[in-house]
């Protein structure tokens, strides 16, 4: 399983990009994969091919009407582990002794 954190957005559509980000979030949400959306991107959890397929769909949706698209991807693979989307945060909170802001 991998955690894949990514952001994707057009560079040619002005200062407000929420319409384009929302389009990607609709694809992500309908994928059925566990995910967490944050202010600078989204983290997906799944098999490599599954998460990369979601990124591909988001990229194709963006390039359909954008002349320049920026996509940044960070992948964390750990053999035999699932549920890491939440367990990584739980581990830090346990060590700190309190919850983190979300």
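None of the figures in this text is laboratory data; all of them are computed from the coordinates on show. Here the structure is a predicted model, which is why all the values come from computation and not from measurement. Every residue, glycine among them, receives a Cβ derived from its backbone with ideal geometry; neighbour counts consider all protein chains shown.
Could you give the semi-axes, largest first, of the ellipsoid that matches the stretch 2-96, computed as the square roots of 5 times the alpha carbon gyration tensor eigenvalues and rounded to whole Å?
Ellipsoid half-lengths, sorted descending, are 26, 15, 10 Å.
Work out the FRET efficiency for residue 101 and residue 25 from their Cβ-Cβ distance, taking R0 = 25 Å, and round it to the nearest 0.05.
Once the sixth-power term is evaluated, E becomes 0.70.
Highest first, please rank the peptides 19-29, 2-12, 92-102, 78-88 by the mean number of other Cβ atoms sitting within 10 Å of their residues.
Most protected by this proxy first, the peptides run 2-12, 19-29, 78-88, 92-102.
Nearest 10 degrees, 0 to 90: what angle lies between the long axis of helix 48-63 and the longest principal axis of the chain (Cα atoms)?
Helix 48-63 sits at roughly 30 degrees to that axis.
Could you grab the relative contact order for the chain? Cα pairs under 8 Å, six or more apart, rounded to a whole percent.
42
Using alpha carbons only, how many degrees (0 to 90, rounded to 10) separate the axis of helix 84-96 from the longest principal axis of the chain?
Computed tilt is about 50 degrees.
Kindly state, to the nearest 0.05, the FRET efficiency for residue 57 paired with residue 78, given R0 = 22 Å and r defined as their beta-carbon distance.
0.35
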